[in-house]
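All of the numbers you see were taken from the coordinates with simple rules; none came from a lab. Here the structure is a predicted model, which means the values were calculated and not measured. Backbone-built Cβ (ideal geometry, glycine too); neighbour counts: all protein chains shown.
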Amino acid sequence: MLLTVDIGNTSITLGLFDEEALVEEFRLASDKDLSLEEYEILLKSLFKDFKVVDCIISSVVEELTEKFKTAVDNVFKIDSLVLTNKINTGIKIKLDAPDEAGADRIANAAGAYILYKHPVIVIDFGTATSFDIVNEDGDFIGGVIAPGINLQMKVLNQFTSKLPRTDVAISTKAIGSNTTDAILSGVIRGTASMIDGLVEQCEAELGSKAVVVGTGGYCGLIANYMKRPFDFINPTLTLEGLRHLYYINKGVLSVSN
């Protein structure tokens, strides 16, 4: 089985594929303080009933990349592949500085390239809310990066003297009659309005309508407040992109779409 690993700033998502089928998904905290040995113990516990024969890793946390790769390699006796723009990504990365492209964004773009018609806008709700855009020629041309929902909540609490820490929840009305409702309106409805506005502006620059895909934990919640719904919601897009990238680097799949 193929293990796909997406190391983000908040969590590590692990997906186990049996060919095209995602059979298990686990989530760990992105804990830089855990030792190599502790990560090895976690991996042995999670995958004790499975035979992992290879792995591909996407990471935006440099302090965890090598540690987690070493843990995976030690536990499963493999040489896992780390996603960078230097491997075969199956897409043309048309950014001003390709080295700045986060591995998770490359995985999203690669997944969108193979799964959806172009142009396509992937909106990923993580620590940051990011847009990854593949144009009609199948080129990853860039996107948008904004503070994520939990980050907005945290910042409002940390950098103001009177605003409380608020949990993410449904925003019942735009005009909040108390502090909590006002924060939820600003963050939840504000994020939805940002997405509506930026999708419209991105499509204007693309010169055509795009397929809009939501991924990440909060896409279902935010979709309730968007004027234009997602064309697709795919919670496992990053993992599917990683699976695709693994196989094209092993020479199993064609990069054409």
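Computed over the alpha-carbon atoms, the range 1-130 gives an Rg to Rh ratio of 0.96, Rh here being the Kirkwood radius from the mean inverse distance. Note on the chain: GNM, Cα springs under 10 Å; of 82, 144, 134, the largest mean-square fluctuation is that of 144.
In terms of its Cα atoms, the chain spans 58, 44, 32 Å along the principal axes, sorted from long to short.
Counted by neighbouring Cβ atoms within 10 Å, the residues 118, 244 run from fewest to most as 118, 244. Of the residues 238, 47, 74, the one whose Cα sits farthest toward the positive end of the charge dipole of the chain, with +1 on the Cβ of Lys and Arg and -1 on the Cβ of Asp and Glu, is 238. Summary value for the range 103-187: 17 percent relative contact order, contacts being C-alpha pairs under 8 angstrom separated by 6+ residues.
Most simply put, the chain has about 60% antiparallel DSSP beta bridges, counting only bridges with both residues inside it. In plain terms, the chain from residue 94 to residue 29 could stretch by 20.2 nm, reckoned as 0.36 nm per residue minus the Cα-Cα distance. Charged side chains reduced to their Cβ positions (Lys and Arg at +1, Asp and Glu at -1) give the chain a dipole of some 600 debye around its Cα centre. Relative contact order, whole percent, for the range 2-82 stands at 33, derived from Cα pairs under 8 Å and 6 or more residues apart.
For the range 95-107, backbone phi angles converted through the Karplus equation (6.51, -1.76, 1.60; θ = phi - 60°) give residue-by-residue couplings of 9, 4, 10, x, 5, 7, 5, x, 4, 5, 6, 5, 4 Hz, Gly and Pro being listed as x. For the chain, adding -39500 (n - 2.57) for each run of n ≥ 4 DSSP H residues and dividing by the number of residues yields -10500 deg cm²/dmol at 222 nm. When the C-alpha to C-alpha distance is required to be over 26 Å, the pairs from 32/250; 94/154; 173/227; 51/250; 32/77; 44/67 that qualify are 32/250; 94/154.
Taking label points 7 Å from Cα along the Cα-to-Cβ direction, residue 46 and residue 178 give a separation of 3.8 nm.
Using a cutoff of 8 angstrom between alpha carbon atoms and counting only pairs six or more residues apart, the relative contact order for the chain works out to 18 percent. Toward the positive end of the charge dipole of the chain, with +1 on the Cβ of Lys and Arg and -1 on the Cβ of Asp and Glu, the farthest Cα among 122, 35, 140 is that of 122.
Remark: the residue 74-residue 36 segment gains 12.7 nm on full extension, using 0.36 nm per residue and subtracting the alpha carbon distance. Counting every other Cβ atom within 10 Å of each residue's Cβ, 161, 58 order from fewest to most as 161, 58. Around the Cα centre of the range 2-82, unit charges on the Cβ atoms of Lys, Arg, Asp and Glu (plus for the first two, minus for the last two) sum to a dipole of about 140 debye.
Sites counted here are GluC sites (Glu not before Pro) in a DSSP loop (not H, G, I, E or B) having no more than 15 other Cβ atoms within 10 Å; the longest part of the chain that contains none of them is 137-257. Looking at the range 1-151, the DSSP beta bridges with both ends there are about 75 percent antiparallel. Computed from Cα atoms, the angle from the helix 190-206 axis to the main principal axis of the chain rounds to 70 degrees. In the elastic network of the chain, a GNM with C-alpha springs shorter than 10 Å, the most mobile of 166, 84, 127 is 166. Shown for 50, 131: other C-beta atoms within 10 Å of each C-beta, ranked fewest to most, produce the order 50, 131. Summing Cβ point charges (Lys, Arg +1; Asp, Glu -1) relative to the Cα centre of the range 59-137 gives a dipole of roughly 260 debye.
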